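Engineer: This is the structure I have questions about; it appears just below.
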Amino acid sequence: MMSEYTWFEGIAFPTLAVQKEQLEDICNTFVVKEEDLIILTYPKSGTNWLIEIVCLIQKKGDPTWVQSVPTWDRSPWLETSYGHPLLINKEGPRLMSSHLPIHLFPKSLFSSKAKVIYVIRNPRDVLISGYFFWGKTNLVKDPESLETYFEWFLKGNVVYGSWFEHVRGWLSMRECDNFLVLYYEDMKKDTKGTIKKICDFLGKKLGPDELELVLKYSSFQVMKENNMSNFSLIGDDVVTNGLQLMRKGTTGDWKNHFTVAQAEAFDKVFQEKMAGFPPGMFPWE
Ligand code: PPS
């Protein structure tokens with residue numbers, strides 16, 4: 001069944017998860033605290049993987065927390081009707097996630113020293129991951145074909161808006177000390193190096209055995225089997241048909257799905273929309 005969207009500032013949000021009044025409130029009045037840690041992503045970029053890594057770092061590799069508490073309670077999604085109240089009522093340092101574009105994020109962030117980690121993934125893989133994910137939920141309109149979803153994605157007619165604008169917007173903060181940019185592709189290529197980078201950013205030290213535990217419990221296979229992390233607890237009101245968060249967990253899957261014409265059309269739009277960034281900004285290009 002098709003779901004309605006909640007529209008806010010020209011961007012579509014899944015009505016089942018996000019409400020307009022709450023979004024307005026979050027944007028204008030939510031107070032980010034100095035000691036907060038915020039995981040920011042465009043959807044399907046590796047959000048849940050990063051949440052798992054951060055939770056495990058905080059517990060020095062002990063998996064008890066990630067194996068007993070669902071992801072959305074460990075790191076509530078700020079803009080959701082479920083996550084927002086949890087965050088307002090939480091005392092002390094908070095871990096939170098968000099897919100909000102920069103112009104809708106609570107203004108208090110920009111005068112705060114709260115730490116932010118922003119994960120970027122090749123948008124071609126984001127598109128494919130999203131196509132297979134959203135179609136198995138009641139959260140979005142059913143595109144009915146990859147061709148249609150491809151067009152919607154390039155135009156930004158998808159939930160949370162345009163990937164290009166999201167990434168361009170948040171990358172404007174990349175020189176800030178409290179802002180760490182990670183790439184899904186680097187996380188795959190050198191997961192241990194990425195975990196160390198996150199530890200440095202958070203001012204956490206892990207011993208070699210602790211690092212191995214973080215690596216083990218955040219691996220694709222272990223997360224896929226962890227019901228607290230693999231979205232198997234999401235209810236039937238949202239899931240329509242065998243929803244899987246942990247689908248493939250690879251880079252370059254888009255090559256199995258794009259036609260040559262689609263690959264060319266994507267390259268063209270990417271070059272136009274992301275012009276002006278220094279060489280090497282996007283490791284897959
Ligand atoms: S969501 O729904 O927007 O929060 O999704 P998000 O977590 O951002 O992205 C889901 C994709 O991340 C992959 N993933 C992983 N890849 C490698 N290792 C680990 N541990 C891992 N955990 C999640 C997941 O498989 C989704 O990508 P696809 O390409 O669909 O497999």
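Engineer: Just to be sure before I move on: is LYS189 open to solvent by 60 Å² or more (accessible area, probe 1.4 Å), out of contact with any His (no Cβ under 7 Å at 6 or more places or on another chain), at negative phi and modelled with pLDDT under 95 in the structure I sent?
Structural biologist: Numbers: open to solvent by 60 Å² or more (accessible area, probe 1.4 Å): yes; out of contact with any His (no Cβ under 7 Å at 6 or more places or on another chain): yes; at negative phi: yes; modelled with pLDDT under 95: no.
In short, no.
Engineer: Looking at this structure, is ILE195 assigned to a loop (DSSP other than H, G, I, E, B), open to solvent by less than 80 Å² (accessible area, probe 1.4 Å) and within 13 Å of the ligand (Cβ to nearest atom)? Can you show your working first?
Structural biologist: Numbers: assigned to a loop (DSSP other than H, G, I, E, B): no; open to solvent by less than 80 Å² (accessible area, probe 1.4 Å): yes; within 13 Å of the ligand (Cβ to nearest atom): yes.
Answer is no for this residue.
Engineer: Moving to a separate point now. Tally time: how many residues in the stretch 65-82 are more than 16 Å from LYS33 (Cβ to Cβ) and crowded, with 22+ Cβ neighbours inside 10 Å?
Structural biologist: Filtering the stretch 65-82 for residues more than 16 Å from LYS33 (Cβ to Cβ) gives 65-74, 77, 79-82.
From what's left, crowded, with 22+ Cβ neighbours inside 10 Å: 66, 71, 77, 79-80.
Result for the stretch 65-82: 5.
Engineer: Can you name the residue in the stretch 9-51 that is more than 9 Å from the ligand (Cβ to nearest atom) and among the basic types (Lys, Arg) and is also farthest from VAL69 (Cα to Cα) among such residues?
Structural biologist: To start, the set of residues in the stretch 9-51 that are more than 9 Å from the ligand (Cβ to nearest atom) comprises 9-40.
Checking which are among the basic types (Lys, Arg) leaves us with 20, 33.
Numbers: LYS20: 28, LYS33: 23 Å.
Looking at residues that are more than 9 Å from the ligand (Cβ to nearest atom) and among the basic types (Lys, Arg), I get LYS20.
Engineer: Give the residue that is most open to solvent (accessible area, probe 1.4 Å), with candidates limited to residues of the stretch 142-161 that are touching a residue at least 24 places away in the same chain (Cβ under 8 Å) and under 19 Å from PRO101 (Cβ atoms).
Structural biologist: Filtering first and then ranking leaves ASN157.
Engineer: Could you say which residue among MET246, MET228 is at pLDDT 95 or above and either under 19 Å from the mean Cα position of the chain (by Cα) or small (Gly, Ala, Ser) (or both)?
Structural biologist: Details: MET246 fails: at pLDDT 95 or above.
Selected residue: MET228, the only one of MET246, MET228 that is at pLDDT 95 or above and either under 19 Å from the mean Cα position of the chain (by Cα) or small (Gly, Ala, Ser) (or both).
Engineer: So PHE132 clears everything in (1) of a type in the set (A, V, I, L, M, F, W, C); (2) open to solvent by less than 10 Å² (accessible area, probe 1.4 Å); (3) modelled with pLDDT under 95 except one condition, right? Which one?
Structural biologist: For PHE132, the exception is condition (2).
Engineer: How many residues does the stretch 221-241 contain that are out of contact with any Lys or Arg (no Cβ under 6 Å at 6 or more places or on another chain) and open to solvent by less than 60 Å² (accessible area, probe 1.4 Å)?
Structural biologist: Looking only at that region, the number is 10.
Engineer: Look at the stretch 253-281 and say how many of its residues are under 21 Å from VAL181 (Cβ atoms) and open to solvent by 20 Å² or more (accessible area, probe 1.4 Å).
Structural biologist: Here is the first cut: in the stretch 253-281, the ones under 21 Å from VAL181 (Cβ atoms) are 270-271, 273-281.
Still in the list and also open to solvent by 20 Å² or more (accessible area, probe 1.4 Å): 271, 273, 275-281.
So the answer is 9.
Engineer: Which count do you get for residues in the stretch 91-129 that are small (Gly, Ala, Ser) and open to solvent by less than 10 Å² (accessible area, probe 1.4 Å)?
Structural biologist: Keep residues of the stretch 91-129 that are small (Gly, Ala, Ser), which gives 92, 97-98, 108, 111-112, 114, 129.
Filter once more, so that each one left must be open to solvent by less than 10 Å² (accessible area, probe 1.4 Å): 97-98, 114.
So the count comes out to 3.
Engineer: Restricting to the stretch 206-220, and then to whatever is part of a loop (DSSP other than H, G, I, E, B) and within 14 Å of the ligand (Cβ to nearest atom), can you tell me which residue is most open to solvent (accessible area, probe 1.4 Å)?
Structural biologist: SER219
Engineer: So GLU35 ticks every box in (1) more than 19 Å from the chain's Cα centre (by Cα); (2) closer than 16 Å to VAL159 by Cα; (3) open to solvent by 60 Å² or more (accessible area, probe 1.4 Å) but one. Which box is left unticked?
Structural biologist: Single failed check for GLU35: (2).
Engineer: Further question: May I ask you to list the residues in the stretch 93-136 that are charged (D, E, K, R) and more than 14 Å from the ligand (Cβ to nearest atom)? Give the derivation first.
Structural biologist: Of the residues in the stretch 93-136, the ones charged (D, E, K, R) are 94, 107, 113, 115, 121, 124-125, 136.
Those that are charged (D, E, K, R) and more than 14 Å from the ligand (Cβ to nearest atom): ARG94, LYS107, LYS113, LYS115.
Engineer: Look at PHE13 and say whether it is open to solvent by less than 30 Å² (accessible area, probe 1.4 Å) and either modelled with pLDDT of 95 or more or not in a helix (DSSP H, G or I) (or both). Walk me through it before giving the result.
Structural biologist: Values: open to solvent by less than 30 Å² (accessible area, probe 1.4 Å): yes; either modelled with pLDDT of 95 or more or not in a helix (DSSP H, G or I) (or both): yes.
Yes, satisfied.
Engineer: Of the conditions (1) buried (at least 20 other Cβ atoms within 10 Å of the Cβ); (2) within 14 Å of the ligand (Cβ to nearest atom); (3) within 15 Å of the chain's Cα centre (by Cα), LEU139 fails just one. Which one is it?
Structural biologist: (3)
Engineer: Before we move on, is GLY203 away from the ligand (no atom under 13 Å from the Cβ), more than 19 Å from the chain's Cα centre (by Cα) and open to solvent by less than 60 Å² (accessible area, probe 1.4 Å)?
Structural biologist: No, not satisfied.
The values are calculated or read from the model by the stated rules, or taken from the named source; none is laboratory data. In this text the structure is predicted, and so the values were computed from the model without any measurement. Backbone-built Cβ (ideal geometry, glycine too); neighbour counts: all protein chains shown. Just the protein is used for accessible areas: all its heavy atoms, side chains included, with ligands, DNA and RNA removed. Shrake-Rupley method; radii C 1.70, N 1.55, O 1.52, S 1.80 Å.
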